[in-house]
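Here is the structure we will look at, set down as structure tokens.
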Amino acid sequence: MNIIFLDIDGVLNSKFWDESHQMEISDGKYIDSEKVILLSKLVKSTKASIVLHSGWRFWFDEKLKPTRKEAEHLVSLLEKEGMYILGVTPDLTTEEIRKTKRFSKVKADEILTWLHEHEDTENWVVLDDLDLHNEAIAMHQVMTDSECGLTEVDATKAAKMLNMEHQGYNLERLLDEL
């Protein structure tokens, strides 16, 4: 099973997009549909499943049903492109982390915990605009630029990472090629 650990802010939206879409944002539509289409191409080309590791995961109930209009909009855009959310990473935040909003300090551990609980995961990639402070995660991360969000270059890099086992790549060779 191929997994994409998906962050939302800085990946499926961007500071650039935010500036010209204030009306959509005020209506709870924080997602750039062009980024969703790009994600869809990645998902389809790699037969990957999506696991949310974004703070947006708190806008879903335990059955992955949206509890806020922002999450409903995300789900509708994903479904329109034939995608769905397989699961979410566990919440390992503390009161201090929530207070200081330093979520990047635990995101790596949340991903590693999810992977430990899902040993059938063959290949995985993390799409996030933040440094997650973990070498093992960094080797699997495509760090997007929050100014522009997910790009074709990012999606191509992620696809190569997800398909490397099937193409006889080892990680060092793949990273050298990128």
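The listed residues are E96, E117, E122, and the only one of them that is in contact with a strand residue (DSSP E or B) (Cβ under 8 Å, 6 or more places away or on another chain) and farther than 26 Å from E34 by Cβ turns out to be E122.
Select from the range 114-153 the residues that are of a type in the set (V, I, T) and exposed (fewer than 15 other Cβ atoms within 10 Å of the Cβ) and list them in ascending order. Step through it out loud before you land on a result.
Step one: list which residues in the range 114-153 are of a type in the set (V, I, T), which gives 121, 125-126, 137, 142, 144, 151, 153.
V153, the sole residue that qualifies.
For first residues located in the range 31-55 and part of a helix (DSSP H, G or I), partners that are acidic (D, E) and lie 6+ apart or on another chain with Cβ distances below 6 Å form the pairs V36/E81; S40/E81. Among the residues making up the range 116-138, those that are in contact (Cβ under 8 Å) with a residue 60 or more places away in the chain and either out of contact with any Gly (no Cβ under 6 Å at 6 or more places or on another chain) or part of a helix (DSSP H, G or I) (or both) are H118, D120, T121, E122, N123, W124, V125, V126, L127, D128, L130.
Matching residues to (1) within 19 Å of M161 (Cα to Cα); (2) under 12 Å from the mean Cα position of the chain (by Cα); (3) not polar (S, T, N, Q):
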{"position": "L38", "(1), (2), (3)": "yes, no, yes"}
{"position": "K44", "(1), (2), (3)": "yes, no, yes"}
{"position": "W56", "(1), (2), (3)": "no, yes, yes"}
{"position": "D61", "(1), (2), (3)": "no, no, yes"}
{"position": "R68", "(1), (2), (3)": "no, no, yes"}
{"position": "V75", "(1), (2), (3)": "no, no, yes"}
{"position": "G87", "(1), (2), (3)": "no, yes, yes"}
{"position": "E96", "(1), (2), (3)": "no, no, yes"}
{"position": "K105", "(1), (2), (3)": "no, no, yes"}
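For the condition on the phi > 0 side of the Ramachandran plot and not aromatic (F, W, Y), what is the one hit in H133, H116? Outline the logic, then answer.
Values: H116 fails: on the phi > 0 side of the Ramachandran plot.
Every option except H133 fails the conditions.
Values in this text are rule-based calculations from the coordinates and carry no lab data. These figures come from a predicted structure and were not determined experimentally. Quick reminder, even Gly has a Cβ in these numbers, built from the backbone with ideal geometry, and neighbours come from all protein chains shown.
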